[in-house]
1. Return the average number of partner chain Cβ atoms within 10 angstrom of each residue Cβ along peptide A:139-146.
2. Could you tell me how many degrees, from 0 to 90 and to the nearest 10, lie between the Cα long axis of helix B:4-49 and the main elongation axis, the longest principal axis, of the Cα atoms of chain B?
3. Could you tell me the calculated FRET efficiency between residue A:121 and residue A:49, based on Cβ-Cβ distance and R0 = 30 angstrom, to the nearest 0.05?
4. For A:122-132, what's the mean count of beta carbons from other chains sitting within 10 Å of each residue's beta carbon?
5. At 4 °C and 1.567 mPa s, what whole-number value in µm²/s does Stokes-Einstein give for the translational diffusion of segment A:61-139, with Rh from the Kirkwood sum over Cα pairs?
6. Quick one: if you stick a label point 7 Å off each Cα along the C-beta vector at residue B:45 and residue A:31, how many nm between them?
7. Determine the shielding of peptide B:14-24 by partner chains: average, over its residues, the number of Cβ atoms on other chains within 10 angstrom of each Cβ.
8. Could you tell me how many degrees, from 0 to 90 and to the nearest 10, lie between the Cα long axis of helix B:55-103 and the main elongation axis, the longest principal axis, of the Cα atoms of chain B?
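Nothing in this text is a laboratory measurement; each read-out follows from the coordinates by a stated rule. Small disclaimer: the values here were computed from a predicted structure and weren't measured. Cβ sites come from the backbone with ideal geometry, for glycine too, and all protein chains shown count toward neighbours.
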C-alpha cells in the first residue's frame, strides 16, 4: 500500500516536472505554418481579379485571329500581371514554414510565363486557350487563397 | 493533486473536438477539388473536340493540369497542418492550465 502511494507521488512529481518544462516551452507554441497575413490574402484576390479581367476583356473586345488579338496589344497587361504574381511569390517565399504556398505561387508564375510566351510566339491566342487559361488560374487562386485562410484557422 | 488520467482524457477530448470540426471542412474542400478537376478536364476535352484548341495546346494543357492538381494538393497539406498545429497547441494548453491549477 505504502509503496503504491510512493509510486503515485513519484509519478505526479515526474509529471509536474515535465509540465514545468512544458510550461517553459509553452511560450513557444507548436508552429507548422506561418501566421495568417490579411494583406497577402487581399493581394491574392487582387491578382486573381487582374487575370480574370484580362481574360474577360480579351474575349469581349477582341476577336481571335485578328489584329485586335495580337500580342503587342496585351504586352503591357502581361507584364503587370507577371509583376503581381512575382510579388506574391517573393512575399510567400521569404516567410518561414511556407513551402506549400510558395510552390502554389511558383506554379502560377510559371504558367503565366508559359501562356505569355505562347501568345508572343503565335502572335495571337484563340478563344479556347483564353477560356482554359482563365479556368486554370481561377482554380490556382482558389488554392492559394484557401492555403492562406487556413493559416488563420491554425491560430 | 495532479491527475494524469484526467489530463490525458481532457487532451484527447480537445483533439477530438478540433479534428472532428475541421476534418468535415477539409473533406468538403477535397470534394470541391475533385469536382473542379472533373470540370476542368471536361472543359479541356470539350474545347478540343470543338476545335477551339489545337492538339499541341490540348496536350500542353493536359500537362498543366498536373500542376494545377499539385497546387490543390499543397492547399490540402496546409489545411492538414493547420489542424495538427491547432490540436498540438490545444494539448499544451490543457496541460498548462491543469499544471497551473495544481501549482496554485
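1. Numbers: counts 11, 6, 1, 7, 13, 3, 1, 9.
Per-residue shielding by partner chains comes out at 6.
2. That helix lies at roughly 0 degrees to the long axis.
3. Details: r = 27 Å, r/R0 = 0.90.
E(calc), rounded to 0.05, equals 0.65.
4. On the way: counts 2, 0, 0, 1, 6, 3, 13, 7, 1, 6, 13.
Mean shielding by partner chains, rounded to a whole number: 5.
5. Values: Rh = 13.6 Å.
Using the Kirkwood radius from Cα pairs, D works out to 95 µm²/s.
6. Result for the modelled spin labels: 4.7 nm.
7. Details: counts 0, 0, 0, 0, 0, 0, 0, 1, 3, 0, 0.
The shielding value for this peptide is 0.
8. 10
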